[in-house]
Amino acid sequence: MKSFKIALIPGDGIGPEVVAEGVKVLKAIEKIDPNLSFSFTEFPWGCEYYLENGKMMDDDGIEQLKEFDAIYLGAVGYPGVPDHISLWDLLLRIRKEFDQYVNIRPITLLNPTLTPLKDKTAKEIDFLVIRENSEGEYAGAGDWLFKGKPEEVVLQTGVFSRKGTERIIRYAYEEARKSNRTLTSVSKGNALNYSMVFWDEVFTEVGKEYPDVQTYSYLVDAASLYFVAEPERFEVVVTSNLFGDILTDIGAAITGGMGLATGANINPERKYPSMFEPVHGSAPDISGKGIANPIAAIWSVSQMMDYFGEKKWGEAILSTIKEILLDKESLTPDLGGVASTSELGNRFVELLSSKFV
Ligand code: NAD
Ligand code: IPM
Ligand code: MN
């Protein structure tokens with residue numbers, strides 16, 4: 001019997017609504033599979049917690065999370081608390097403190113009707129974005145000088161360490177080699193004359209160890225064009241923190257929207273827990289209405305199962321997602337259906353369970 005300890009941070013807005021459905025899926029798996037058990041500990045951290053306690057999480061929150069095998073997070077951020085406070089004190093803090101330097105975001109068209117790109121097939125939209133997740137433009141380095149004065153100056157410094165750049169690029173080469181796919185680096189060396197020139201050099205340098213991997217290198221503006229116009233160019237993509245953030249929202253747009261996009265924040269050395277979360281935020285415009293699409297959060301559970309070495313379950317979840325996407329009745333309004341968040345979750349669990357009777 002394998003037991004996994006999962007920390008739940010449902011967070012804000014639609015976060016708790018979609019995490020509840022992911023937990024239903026985990027509980028269903030536990031019921032079906034006699035070799036697996038999960039324990040859940042829920043943390044009430046987020047913007048409401050901040051308004052009551054003046055902080056987004058407990059002072060020793062990182063210590064508390066260390067003992068878990070994985071963190072399952074909904075979304076963080078809500079009007080009433082400045083975003084740079086809520087996100088830095090919780091989500092970005094966990095990514096950094098747990099050195100989750102790899103962010104894996106699949107851009108996979110699970111059903112051909114979901115893409116707004118006419119004539120693009122599922123075969124043409126199927127790639128993986130590997131986003132640097134610990135430094136770069138998100139290093140939090142900078143200064144705000146002469147605040148409010150006419151000579152006011154703001155600095156936001158990108159930090160690209162050799163260690164940080166090499167390890168993410170190496171991870172991506174390994175992934176491309178392992179899966180026999182091409183690797184595309186996305187950067188911006190023509191304008192960012194230190195950081196991205198360095199990135200490109202490291203990409204070439206590390207590539208010498210992987211002569212078997214076919215590579216491409218695009219500037220981020222051209223890559224954005226190709227994400228929409230020719231997504232078939234991509235198989236594995238490696239890019240910096242900010243470019244990865246932006247590009248994966250484009251990825252979401254071409255594969256069915258934010259309700260379907262997932263991302264895993266991985267510490268490959270497994271020294272600290274990894275964190276699984278949908279790419280979307282707290283969606284204040286639809287929160288509380290019970291109409292958020294939980295599929296992204298359920299796909300995060302699939303990524304968690306892969307990470308736990310339970311590939312069979314990772315695949316079973318993904319194939320059930322593909323199946324449920326064929327049944328419009330069961331889908332939420334963002335996908336043209338009429339189902340509520342929990343109706344979709346319940347239907348999903350029924351479908352998944354029916355495969356194992
Ligand atoms: P968002 O992802 O919350 O919403 C963007 C759009 O997508 C909205 O129209 C929303 O209704 C829709 N959407 C998102 N998820 C959906 C779902 N599951 N089903 C159906 N529709 C969905 O982005 P935003 O509006 O820019 O940000 C809102 C808040 O969330 C901000 O505070 C932001 O900082 C935060 N945020 C947090 C995370 C995170 O915790 N990982 C990610 C992104 C944004
Ligand atoms: C994401 C989010 C976060 C990011 C924000 C909320 C800080 O947009 O996970 O894509 O930019 O990484
Ligand atoms: Mn984002």
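Among residues of segment 199-214 being touching a helix residue (DSSP H, G or I) at 6+ places or on another chain (Cβ under 7 Å) and under 21 Å from SER134 (Cα atoms), the one that is surrounded by the most Cβ atoms within 10 Å (Cβ to Cβ) is TRP199.
Here is a yes/no grid of residues against (1) in the same structural domain as ALA296 (by TED's automatic domain parsing); (2) within 23 Å of the chain's Cα centre (by Cα); (3) away from ligand 2 (no atom under 16 Å from the Cβ):
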site: GLY11; (1), (2), (3): yes, yes, no
site: GLU21; (1), (2), (3): yes, yes, yes
site: LYS24; (1), (2), (3): yes, yes, yes
site: ILE29; (1), (2), (3): yes, yes, yes
site: ASP33; (1), (2), (3): yes, no, yes
site: SER37; (1), (2), (3): yes, no, yes
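Residues in segment 43-63 that are in contact (Cβ under 8 Å) with a residue 24 or more places away in the chain and either in a loop (DSSP other than H, G, I, E, B) or loosely packed, with under 15 Cβ neighbours inside 10 Å (or both): PHE43, TRP45, GLY46, GLU48, LEU51, LYS55, MET56, MET57. Of all the criteria given as (1) under 14 Å from the mean Cα position of the chain (by Cα); (2) buried (at least 21 other Cβ atoms within 10 Å of the Cβ), the one not satisfied by THR108 is (2).
When VAL357, VAL349, VAL301 are checked against the criterion of being away from ligand 3 (no atom under 16 Å from the Cβ), surrounded by fewer than 17 Cβ atoms within 10 Å (Cβ to Cβ) and assigned by TED's automatic domain parsing to the domain that holds ALA75, a single residue qualifies: VAL357.
Restricted to segment 97-214, the set of strands (runs of 3 or more DSSP E) holding at least 3 residues that are without any contact (Cβ under 8 Å) to a residue 40 or more places away in the chain and among the β-branched types (Val, Ile, Thr) comprises 153-159.
Only one residue in LEU326, LEU344 is aliphatic (A, V, I, L, M), in contact (Cβ under 8 Å) with a residue 60 or more places away in the chain, part of a loop (DSSP other than H, G, I, E, B) and in the same structural domain as LYS27 (by TED's automatic domain parsing). Which one? Answer to the selection: LEU326.
Within segment 284-298, the residues that satisfy the criterion of being under 17 Å from the mean Cα position of the chain (by Cα) and either surrounded by fewer than 24 Cβ atoms within 10 Å (Cβ to Cβ) or under 19 Å from ASN103 (Cα atoms) (or both) are ILE295, ALA296, ALA297, ILE298. When residues in segment 215-236 are screened for being surrounded by 15 or more Cβ atoms within 10 Å (Cβ to Cβ) and assigned to a loop (DSSP other than H, G, I, E, B), 2 of them pass. Within the set THR165, THR184, THR239, the sole residue that is farther than 30 Å from PRO116 by Cα and buried (at least 18 other Cβ atoms within 10 Å of the Cβ) turns out to be THR165. Just one residue in the set LEU65, LEU114, LEU109, LEU87 is away from ligand 3 (no atom under 16 Å from the Cβ), closer than 14 Å to TRP45 by Cβ and not basic (Lys, Arg); that residue is LEU65.
How many of the residues making up segment 167-183 are closer than 24 Å to LEU91 by Cα and away from ligand 2 (no atom under 16 Å from the Cβ)? Residues that pass the stated criteria total 4. Do the conditions hold for VAL236, that is, is it in contact (Cβ under 8 Å) with a residue 12 or more places away in the chain, more than 10 Å from ligand 1 (Cβ to nearest atom) and β-branched (Val, Ile, Thr)? For VAL236, the condition - in contact (Cβ under 8 Å) with a residue 12 or more places away in the chain, more than 10 Å from ligand 1 (Cβ to nearest atom) and β-branched (Val, Ile, Thr) - is met.
If you go through segment 311-342 and keep only what is among the basic types (Lys, Arg), under 24 Å from ILE254 (Cβ atoms) and more than 20 Å from the chain's Cα centre (by Cα), you end up with just LYS328.
The values are calculated or read from the model by the stated rules, or taken from the named source; none is laboratory data. Everything numeric in this text was worked out from a predicted model, so none of it was measured. Please note: Cβ atoms are built from the backbone with ideal geometry, for glycine as well, and neighbour counts cover all protein chains shown.
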